[in-house]
Amino acid sequence: MSLRTRQVDARRNRILDAAALLIRHTGGTDFSMRSLAEAAETSPATPYNLFTSKEGLLYALLSRSLDEITLQGLAFSSTDPLDRALEAAVKAADVFLLDPDFMRPLYRFLLGVVDLVHRPKFIERSLAYWRTALAAAEAEHLLSKDFDRDSLVYALMAHFMGVLDFWIHDDLDADAFRARMVYGTVLLLLPLADETRQPRLLRRLREAKRVLTNDQPQMRSTRVAIPIIRKARPKKEIHA
């Protein structure tokens, strides 16, 4: 690696570190690129030169967070293929829970932005994560034609992103976030389990349900009143 490349990488990381600190301190992503440049002690043009736009910068932060999720989430401790897939979900959730002041604002912004350049890369990296999580199950031929890998990959990603959306908007606390992740993932994996694996998965399902039952209310958002629509009574005719 050349000296210039190392210098550019160092500036990128310094700017990303400064952006992460701003997100943690402000609780959001509303900082300006000028204030970011000041925090990173660079010229105002440098963040644009390196990331093109603020969205590009935030997606670079996202990519760095995905590196950590991949590193932690795919470091399997189990040899059972279905346990590995469940591990991938739980460990990824744990990465978010380790740094909520950073992860919540970052993903709250990025999940609401349609970016034709960066978002497809994010989606593909997410799908690749779940493909790797299911690689052992595919190798052991647990995925039948009626329950193919690609369908399950999309289902696992969709479930994770859906529960994540509740958590980043503070609708779920940490315990409920983790339990919901376990509960839904187990439901998706159960059709693949044989008689030797089902009891273990069902035990995890009961444990998650116990947490959700004891952690009421899991959903923190205020309940929206649903208006009651009553049929209008027919008006009495008045005769002269």
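Derivation of every value follows stated rules applied to the coordinates shown; laboratory data play no part. Owing to the predicted nature of the structure, the values given are computational and were not obtained by experimental measurement. Positions of Cβ are generated from backbone atoms using ideal geometry, with glycine treated the same way; all protein chains shown enter the neighbour counts.
Could you name the aspartates and glutamates in cross-link range of Lys209, using Cα to Cα under 14 Å and dropping any fewer than eight places away on the same chain?
Within the straight-line cut-off, Lys209 pairs with Asp175.
Which residue, Tyr59, Tyr129, Tyr48, has the most motion in a Gaussian network model of the chain that connects Cα atoms within less than 10 Å?
Checking each option, the largest mean-square fluctuation is seen for Tyr48.
Most fluctuating residue of Thr70, Thr52, Thr132 in a GNM of the chain with Cα springs under 10 Å: which is it?
Of Thr70, Thr52, Thr132, the most mobile in the Gaussian network model is Thr52.
Which entry in [x] 27, 25, 18; [y] 40, 20, 16; [z] 38, 32, 17 matches semi-axes √(5λ) of the Cα gyration tensor in Å derived from the coordinates of this structure?
This structure yields the entry labelled [z].
What's the exposure ranking of Met181, Met161, Met1, going from fewest to most Cβ atoms within 10 Å?
Working: Met181 24, Met161 13, Met1 6.
With the fewest neighbours first, Met181, Met161, Met1 line up as Met1, Met161, Met181.
Tell me, what is the percent relative contact order of region 1-51, built from C-alpha pairs under 8 Å that lie six or more residues apart?
31 percent
Using Cβ counts within 10 Å as a stand-in for footprinting exposure, how do Val186, Val211, Val153, Val113 rank, fewest first?
Ordered by Cβ neighbours within 10 Å, fewest first: Val113, Val211, Val153, Val186.
Got the relative contact order for the chain handy, in percent, Cα pairs under 8 Å and 6 or more residues apart?
It comes to 16 percent, rounded to a whole number.
Taking the Cβ of each residue in Ile15, Ile123, Ile69 as the centre, tally the other Cβ atoms inside 10 Å and list the residues starting with the fewest.
By the 10 Å Cβ count, ascending, the order reads Ile123, Ile69, Ile15.
Mind checking the dipole of the chain: about its Cα centre, +1 per Lys or Arg Cβ, -1 per Asp or Glu Cβ, Debye to the nearest 20?
900 debye
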